[in-house]
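**Q** Take this structure first; my questions come after.
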Amino acid sequence: MLLSIRQAHTDDAPLLAHLNGAVQQIHHEAHPHRYKPAQPDDPTLTAWYAQQLARANCVIFIAEVAGEEVGYALCLVQDLDETPFRYASKKVHIDQLAVNETQRQVGIGSALLDHVITLAKDHDAERVTLGVAAFNEHAITFYQRRAFHFDSMTMELNLK
């Protein structure tokens, strides 16, 4: 497998909208009242990715296998100010990581994650964080195999 990882550029917004589809659909199927169905041709989705690409603290990596784009990781480099409750720190937060369903379990997600970790080290970040839905057991297992652990959990009470 000829795998390469590159940093996204502004022309990649439509591509990112398409690559997001598989993961978006998993979320929609688990919680259709909360998550919209995958709509890769929606211009507002493409515009959202264009806005992310324009942010100074946003870095997006794209995985390619034999020239075909098959996954991505969207990261935010975050400087956290000191407050009365915590010390100042820097982290890299993975907002999205997706690999096409047909390309999973072959190391693409791990390669993307390696690039995120290198990015964090290059920015002298103390940690890499991410959010993962409780229903997404495959993602939880993937991250735990890569030494991620739970630091905090969000709980909710549905009122509707």
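The values are calculated or read from the model by the stated rules, or taken from the named source; none is laboratory data. Values in this document were obtained by computation on a predicted structure and should not be read as measured data. So basically every Cβ, Gly included, is an ideal-geometry build from the backbone, and we count neighbours across all protein chains shown.
Residue-wise test of (1) part of a helix (DSSP H, G or I); (2) over 13 Å from CYS75 (Cα atoms); (3) at pLDDT below 95; (4) not polar (S, T, N, Q).
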| residue | (1), (2), (3), (4) |
| --- | --- |
| ALA120 | yes, no, no, yes |
| ASP124 | no, yes, no, yes |
| VAL128 | no, no, no, yes |
| THR141 | yes, yes, no, no |
| MET153 | no, yes, yes, yes |
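**Q** One residue is enough: does region 35-42 have a residue meeting the conditions of a type outside the set (A, V, I, L, M, F, W, C) and over 30 Å from ASN158 (Cβ atoms)?
**A** yes
**Q** Specify the residue that is nearest to THR102 (Cα to Cα); the eligible residues are those in region 35-67 that are modelled with pLDDT under 95 and of a type in the set (Asp, Glu).
**A** Only one residue fits best here, namely ASP41.
**Q** What's the number of the only condition in (1) more than 24 Å from GLY21 (Cα to Cα); (2) in contact with a Ser or Thr (Cβ under 7 Å, 6 or more places away or on another chain); (3) not aliphatic (A, V, I, L, M) that HIS93 fails to meet?
**A** (1) is the only condition that HIS93 fails.
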